[in-house]
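Asks: Below are the C-alpha cells for one structure; questions will follow.
The values are calculated or read from the model by the stated rules, or taken from the named source; none is laboratory data. It should be emphasised that the depicted structure is a prediction, and the values quoted were computed from it without experimental measurement. Reconstructed Cβ throughout: ideal geometry from the backbone, glycine too, with neighbour counts over all protein chains shown.
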Amino acid sequence: MSHVLATYAKFPITAVKGEGARLWDSEGHCYLDFCAGIATCSIGHCHPALTKAIAEQSSTLMHCSNLFQIPLQQELATVIVDEFTKIPGKVFFSNSGAEANDGMIKTARRFGHARPNSSGKPRYEVITFNNSFHGRTLGSMAATAQSKIHQGFDPMLPGFRYVPLNDIEALTAAVSDITAGIMLEPIQGEGGVNEVTPEFLNFVDKLCKEHDLLLMLDEVQCGLGRTGTLMGWQAFCPDLKPDTISWAKSLGGGFPIGAFWTSDRAIDDSGTPLSSLMNAGSHGSTYGGNPLACAAALAVLHEIQSSDLSANAAHQEQRIRKEVQSWNHPAIVDIRGKGLLLGFALNPDAIPSDQDTPPALHLCKSLMKNGLLTVPAGTETLRWLPPLNVSDNEIDEALNILKNTLDSF
C-alpha cells in the first residue's frame, strides 16, 4: 500500500531515466516525452550543462539563509532583468510557480495600500480570467477562475473577480474602486491552451494605465522561450511593459525554483519605485534562491540564450502546424497556442470517450501505449510541451505517432 497521498491521478508508468527528449520506464520502455514535466524540462532531461552545474555547486554550497548575501542569486536576477525582461526591476526567488504568483498577489495588495482609492481605503482586488490556473496554494487557488479547483476548499480568499478572457466589455465593467491589478496568462496552459489576443492585451495595458492598476503576467508555463519569444507576452505585444511577472517550470529545467519580477517604474510623483513596496519583512522563503537552485537556473537560461531555443520553438511550431493542417484530420478541429505550448482542439465525436475518460485523456493514454508522452489541457484538448531543444526528427516522430493513433480510431 502506498504511503503517498493520492492527490494525483497517475499514468501507469514508473519513470527511471531521462535523456534529452526521451524517458525510460522501469520495464525498459522508451518514450518520446512531449510532456517534459509539464513544460518544466525546458532543455530536456539531464542536459550535460545542467547536471554539471548542479554537481559542481552541490560540492561547494547548496543552501544558506537569505539573511546572508548570495552572489549566485544576484547573478541570476541580473540575467533575468538585463537579458530577458530587459525592463529595470527586481526579482524575488521562490520554489514554485504558485509561490511566485502569491508574491505577485501580495505585491498588488501592497500597491493598493500605497495607492488607495479616492476615499482613502486600500485597494485589494485582482481581476483574473475564466479557465485560468495560477496554482494550488490558498492565494493562487483563489486567483484561479475554475470552480473545480475551489471545490471542497471554501471559503476562498477574498479579493478576486473573474471575467471571460478576451472580453473587453466584461473587463471594463469589472474594474471598480477596490481594483488593484489585472492578472493573466498570455496563454492559458491548464485551461485549454487559450491565447490572449493582441488587441485584448493592449486594452488591458491601456486600462491599467487609466485606472492606476498593476499589469500582472503569469508566465509560469508560457515564459522563457516557450512561445517562440523569450517572454510569453512578446508573442502578442512585443512593446508591452508589464508591472510584475512570475516564472517557474522552465526556469530550473527540472530543478525546483520559481521567481517573480517587479518593475522599478515610479508609482507616484516623488519617484517611489514599485519594486520598493516589497521591502524587508514583507515576504520570504527559506529555500527560495538558494545557491544550488540559482546555479541550475543560470545554466538553463544560458542554454536557452546561447542555443537560441526560442527560435527553435518558433521553427518547430510552424513545422507542426503545416504538417497537421495537411492531414485535414476529422479528429483535430484547431491548433491553439504559440511556439512549443500547443493545444490540439479535438473533435469528441472522432475519439472514443466515456464519463471517466474524456477524449483528451483517452488520446493521451493511447499515445502513451504507442511511445509518446503527452498531457491533456481540459477534456477536449491535447497539449504538447516538448523540450525547447527538440529536434526535427523528434518532432517528425511525434507527428507520425499522433497521426497513426488518430487513424486507428
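Asks: Among the residues of the stretch 1-58, which ones are in a strand (DSSP E or B), aliphatic (A, V, I, L, M), under 27 Å from L301 (Cβ atoms) and in contact with a Phe, Trp or Tyr (Cβ under 8 Å, 6 or more places away or on another chain)?
Replies: A15, L23, listed by residue number.
Asks: Here is a further query. Would you confirm whether or not the stretch 98-114 contains a residue that is over 30 Å from Y287 (Cβ atoms), modelled with pLDDT of 95 or more and under 21 Å from the mean Cα position of the chain (by Cα)?
Replies: no
Asks: Identify, please: which residue in the stretch 167-218 is hydroxyl-bearing (S, T, Y) and under 24 Å from P116 (Cα atoms) and is, among those, surrounded by the most Cβ atoms within 10 Å (Cβ to Cβ)?
Replies: Result: T179.
Asks: So for the stretch 128-144 (the condition being assigned by TED's automatic domain parsing to the domain that holds T244 and without any contact (Cβ under 8 Å) to a residue 12 or more places away in the chain), does at least one residue qualify?
Replies: no
Asks: Only one residue in L388, L399 is out of contact with any Pro (no Cβ under 7 Å at 6 or more places or on another chain), surrounded by fewer than 19 Cβ atoms within 10 Å (Cβ to Cβ), of a type in the set (A, V, I, L, M, F, W, C) and at pLDDT 95 or above. Which one?
Replies: L399
Asks: Same structure, new question: Restricting attention to the stretch 375-399, which residues are under 14 Å from C41 (Cβ atoms) and either in contact with a Cys (Cβ under 8 Å, 6 or more places away or on another chain) or charged (D, E, K, R) (or both)?
Replies: Residues satisfying the conditions are V375, L385, P387, E394.
Asks: Filter the stretch 265-296 down to the residues that are closer than 13 Å to S65 by Cα and either touching a strand residue (DSSP E or B) at 6+ places or on another chain (Cβ under 8 Å) or of a type outside the set (S, T, Y) (or both), then identify the one that is surrounded by the fewest Cβ atoms within 10 Å (Cβ to Cβ).
Replies: G284
Asks: Could you list all residues from the stretch 330-358 that are in a strand (DSSP E or B) and not β-branched (V, I, T)?
Replies: D334, R336, G337, K338, L341, L342, G343, F344, A345, L346
Asks: For the stretch 85-109, which positions are part of a helix (DSSP H, G or I) and out of contact with any strand residue (DSSP E or B) (no Cβ under 9 Å at 6 or more places or on another chain)?
Replies: Selection gives K106 alone.
Asks: Now for a different question. Can we say V324 is within 14 Å of F34 (Cα to Cα), touching a helix residue (DSSP H, G or I) at 6+ places or on another chain (Cβ under 8 Å) and not assigned by TED's automatic domain parsing to the domain that holds A235?
Replies: The answer is no for V324.
A quick yes/no check of all residues on (1) in contact (Cβ under 8 Å) with a residue 12 or more places away in the chain; (2) of a type in the set (S, T, N, Q):
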{"site": "M62", "(1), (2)": "yes, no"}
{"site": "N66", "(1), (2)": "yes, yes"}
{"site": "I70", "(1), (2)": "yes, no"}
{"site": "I80", "(1), (2)": "yes, no"}
{"site": "K86", "(1), (2)": "no, no"}
{"site": "K90", "(1), (2)": "yes, no"}
{"site": "E99", "(1), (2)": "yes, no"}
{"site": "M104", "(1), (2)": "yes, no"}
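Asks: A follow-up question, please. Taking the stretch 138-163 as the search range and keeping residues that are in a loop (DSSP other than H, G, I, E, B) and touching a His at 6+ places or on another chain (Cβ under 9 Å), which one is surrounded by the most Cβ atoms within 10 Å (Cβ to Cβ)?
Replies: Ranking the qualifying residues of the stretch 138-163, first place goes to T144.
Asks: Same structure, new question: Closer than 17 Å to F34 by Cβ, hydrophobic (A, V, I, L, M, F, W, C) and in a strand (DSSP E or B): does that describe L361?
Replies: So L361 fails the test.
Asks: For the stretch 17-58, name all the residues that are in contact with a strand residue (DSSP E or B) (Cβ under 7 Å, 6 or more places away or on another chain), of a type in the set (S, T, Y) and within 12 Å of G253 (Cα to Cα).
Replies: The answer is S42, and nothing else.
Asks: Might you let me know whether the stretch 20-40 holds any residue that is polar (S, T, N, Q), within 24 Å of K369 (Cα to Cα) and surrounded by 13 or more Cβ atoms within 10 Å (Cβ to Cβ)?
Replies: Yes, the conditions are met somewhere in the stretch 20-40.
Asks: While we're here: Scanning the stretch 143-181 for residues that are closer than 19 Å to L213 by Cα and among the charged types (D, E, K, R), which turns out farthest from the chain's Cα centre (by Cα)?
Replies: So the residue we want is D177.
Asks: To continue, here is another question. What residue, among those in the stretch 309-361 that are out of contact with any Lys or Arg (no Cβ under 9 Å at 6 or more places or on another chain) and of a type in the set (G, A, S), is modelled with the lowest pLDDT?
Replies: Taking the candidates together, the pick is S353.
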